[in-house]
Amino acid sequence: MLRCGLITPSFVPSADIRNMRDLTRYRRKLLRDATAEKNRIHKILQDANLKLTTYISDIFGISGRALLESVINGEVLDADEVKEKVKTSLKRKVPELLEALDGRMKKHHRMMLGLHLDHLSYVEKQLEKVEFEINQLLEPHLPSVELLITIPGIQKDAAAVILAELGNDMSYFGGDPQIAAWAGLSPGNNESAGKKKSSRIAKGNKSLKAVLCQAAWAASKSKGTRLASFFYRIQKR
């Protein structure tokens, strides 16, 4: 069968696409690691009764990190020092921030915060390197990326993942039904004598499936698009 060409060949993209695939998958793992570390920091702050998140929307911004560093170093801050560390509109919330910093911070809390913040900084540096490499590999495929971005719900990061998983040559696939099935996004149709049986979706390509599902949810929330109208129409049923 192989000699006669009767075996369908596996999809093996070019080397640069395979390299991009490794990087986009690793970027997804690093993002999960960063989110996990941020959640651990939030948990320790709540345990120590430091309610910074009540007044700072993102405690991992410039102002939030400056306050976290002070907490880790065991500094006792007064109003002037807090005002010097925070930026923009937070300068008007100095009394509230002082109250939020008045908690039960112990030595163990400070040590754990330091460990988590150091690891978060390391992961963010790794993310910067990975993003740079992905952008370098995307340069020859910018026309395809720009076309993908025109689809509602898809931004540059999602476009990079789609390109890395599918490649830039759609002739490997027979058409869009085959691509949907390969990604594990084609529901089965198992019906006999009027009875519907299991129509479980195949596993498919996990990375591609994840990013397409995220893009679909984003597209459903877009304004005035055909995809959003389709979503709301089938949602009623």
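The values are calculated or read from the model by the stated rules, or taken from the named source; none is laboratory data. Keep in mind it's a predicted model, so treat the numbers as computed, not measured. So basically every Cβ, Gly included, is an ideal-geometry build from the backbone, and we count neighbours across all protein chains shown. Only protein heavy atoms, including side chains, enter the accessible area calculation; ligands, DNA and RNA are left aside. Shrake-Rupley method; radii C 1.70, N 1.55, O 1.52, S 1.80 Å.
Things worth noting here:
- The chain, dipole about Cα centre (Lys/Arg Cβ +1, Asp/Glu Cβ -1), debye to the nearest 20: 1400
- When the chain is treated as a GNM with alpha-carbon contacts under 10 Å, the residue of Thr35, Thr225, Thr88 showing the greatest mean-square fluctuation is Thr88.
- Under a model in which nothing but the beta-carbon of Lys, Arg (+1) and Asp, Glu (-1) is charged, segment 141-236 shows a dipole of about 680 debye around its Cα centre.
- Accessible-area rank, largest first, for Arg3, Arg32: Arg3, Arg32, with all protein chains present and a 1.4 angstrom probe.
- Between Tyr172 and Met1, the simple spin-label model (points 7 angstrom out along Cα→Cβ) gives 2.1 nm.
- Span-rule helices in the chain, defined as complete DSSP H runs reaching 27 Å or more along the axis (Cα) with Kyte mean at least 0.5: none
- Each of the peptides 146-159, 170-183 was scored by the mean count of other Cβ atoms within 10 Å over its residues; in descending order, highest first, they stand as 146-159, 170-183.
- Per-residue accessible area (protein heavy atoms, 1.4 Å probe) orders Ser207, Ser70, Ser89 as Ser89, Ser207, Ser70, starting from the largest.
- Length gained when the stretch Lys29-Ser199 is fully extended (0.36 nm per residue, less Cα-Cα span): 58.2 nm
- Segment 141-236: C-alpha gyration tensor shape, a/c 1.5 cut-off, then a/b vs b/c: oblate
- Overall form of the chain per C-alpha gyration tensor (a/c, 1.5; a/b vs b/c): prolate
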